[in-house]
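Trainee: One structure is given below, represented as structure tokens, and several questions about it will come after.
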Amino acid sequence: MGEHDTNGFFSGVNPLQNITSMSDLELQRFQEECRGPPPSAKEIVSSMGSTHLVVHLVLIVMAFTTLAIFIEEIFYLRSKIRKNYRRRRMSVLQAGIPPIFTLTAVVGTFFPRGNLMIDFVCSIYFGFAMHALLNLMVNYYGGITAMLKRLRDVRVKISTPPVCCCCRCLPEVPMTRKTFKYLYCLTFQAAASRPVVLFFRGVFVLDPTFSINELIFTVVLAISMLTGMWALIILRGVSSTVLSHFNITAKFFCFQAVLLISNIQPFVLKLASLPCVLPYTTRGRIITVNYQIIIVEFFLLSLVMRCLYRTKGDADNLEEVEKRKERKIQNSATKTTLVSDASAIEMEKLMPDSKTNGNGVHIVENV
């Protein structure tokens, strides 16, 4: 165990290679320990080697750097978005995704047994952030009434992933108040239902009195999340061109990256079959490595989101943006006309003197 503690669990050393030197009793005991629960914080700290310590220090620095970026971004949004409090609040909710995930992941690297509570906090925040992104897109339009007025002639394509990507026969529907109400409810249910499902999941997992398969909770959470994302994808599809000034497509893809990281990555690590390195059991090592990767990923994501939300254009109104575009087009057209007129005048100066006869034909005089 001392050798594994010194190397840490990033060393790639498979302890099962030394099984030939173990007795059957030692091998059986080792396998039982690997199938056990994740280690406690005391076991992790006591077995921490120098490499392991350096890795954790780097991850902690990344996490607090992410938090510092978020705090600085709050002050920036407060100074730039003064009039529109709702937009500022929704932008802060979106920018708060990376620090929430990184700080909880740091806690999870030292307390892997608390992964249920950590996932509970992250899932609740992510659900509310999903609903806040839809409200932020509506706010960019100037409100529900302004959005419906602008999109009244737009047909909404509902045969989009992740729910109806195979249903190409579905018709396109107009963007009405009723259609938007359905989209609003789909994102709201993701924010409202996830805390309830996760609460009962934690209760029934810790208390085996009622043997409910954990797969049921996973399926319910997946359906809730996918339907919420489906509503966002539909609204983003009709808004990508209109709201291009606000980088709505890039912001949406960042949100999709969060969804993939938090849901697909743990499943991939389970399929990878990470070897047991005591004191980390097989399950404990999967949980810990997942949290360590999350810290790095969300640190990089915080830098990207800082560039997207720390822009002067986020404080603009859509009508003002379109008026500025029209003025630019008019100015460019005026400049083009002036340049063409100046070119025509220069050509007339370079041409020899001429006059026009009664039939409209130029007659050159000074040849």
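The values are calculated or read from the model by the stated rules, or taken from the named source; none is laboratory data. No experiment lies behind these values; they were computed from the predicted model shown. Neighbour counts run over all protein chains shown; Cβ positions are idealised from the backbone, glycine included. SASA here: full protein model, heavy atoms, side chains in, ligands and nucleic acids out. Shrake-Rupley method; radii C 1.70, N 1.55, O 1.52, S 1.80 Å.
Trainee: Would you mind giving the average projected area, over all directions, of the Cα convex hull of the stretch 151-191 in nm² with one decimal?
Mentor: Average projection, Cα convex hull of the stretch 151-191: 3.2 nm².
Trainee: Still on this structure, please answer the following. Quantify, in whole percent, the carbon and sulfur part of the accessible surface of the stretch 117-170 (1.4 Å probe; protein heavy atoms only).
Mentor: 65 percent
Trainee: Once a ≥ b ≥ c are taken as the square roots of the eigenvalues of the Cα gyration tensor of the stretch 68-136, is the result rounded (a/c under 1.5), prolate (a/b larger than b/c) or oblate (a/b not larger than b/c)?
Mentor: Because a/c hits 1.5 or more and a/b fails to exceed b/c, the stretch 68-136 counts as oblate.
Trainee: How big is the convex hull of the Cα atoms of the stretch 32-105, per residue, in Å³?
Mentor: Looking at the stretch 32-105, the number lands at 105 Å³ per residue.
Trainee: If you don't mind, another one. Provide Rg over Rh for the stretch 122-264; use the alpha carbon set for both Rg and the Kirkwood Rh (inverse mean inverse pair distance).
Mentor: Rounded to two decimals, Rg over Rh is 1.03.
Trainee: Continuing with the same structure: Between R82 and L116, what is 0.36 nm times their sequence separation minus the Cα-Cα distance? Round to one decimal in nm.
Mentor: Gain on extension, R82 to L116, equals 8.4 nm.
Trainee: In 10 Å bins starting at 0, how do the alpha-carbon pair distances of the stretch 251-308 split up by percent?
Mentor: With 10 Å bins starting at 0, P(r) equals 22, 44, 24, 10, 1.
Trainee: Across the stretch 61-77, in residue order, what do the Karplus-derived ³J(HN,Hα) couplings come to in whole Hz, using 6.51 cos²θ - 1.76 cosθ + 1.60 with θ = phi - 60° and x for Gly and Pro?
Mentor: After applying 6.51 cos²θ - 1.76 cosθ + 1.60, I find 4, 4, 5, 6, 5, 4, 5, 5, 4, 5, 5, 5, 5, 4, 5, 5, 5 Hz.
Trainee: How would you order 161-170, 103-112 from highest to lowest mean count of nearby Cβ atoms within 10 Å?
Mentor: 103-112, 161-170
Trainee: What's the extension gain from V304 to E320 if we count 0.36 nm per residue and subtract their Cα-Cα distance?
Mentor: Net length gain for the segment: 3.1 nm.
Trainee: If you don't mind, there's one more thing I want to ask. For V156, which sequence-distant residues (separation of 5 or more, or a different chain) have an amide H within less than 5 Å of its own amide H, given hydrogens modelled in the peptide plane?
Mentor: Here V173, M175 satisfy the definition.
Trainee: In addition: What distance in nm separates the two pseudo spin-label positions at I329 and K42, each 7 Å out from Cα along the beta-carbon direction?
Mentor: In this crude spin-label approximation the distance works out to 7.2 nm.
Trainee: At 1.4 Å probe size, with the rest of the protein present, what percent of the exposed accessible area of the stretch 233-336 is carbon and sulfur atoms?
Mentor: 61 percent
Trainee: Find the accessible area per residue for the stretch 38-174; the probe is 1.4 Å, ligands and nucleic acids are left out, and the unit is Å².
Mentor: 49 Å²
Trainee: Could I ask something else about it? Counting other Cβ atoms within 10 Å of each Cβ, which trypsin sites (Lys or Arg not before Pro) in the stretch 73-119 have at most 11 and sit in a DSSP loop?
Mentor: Of the trypsin sites (Lys or Arg not before Pro), the ones in loops of the stretch 73-119 whose Cβ has at most 11 other Cβ atoms within 10 Å are R82, K83.
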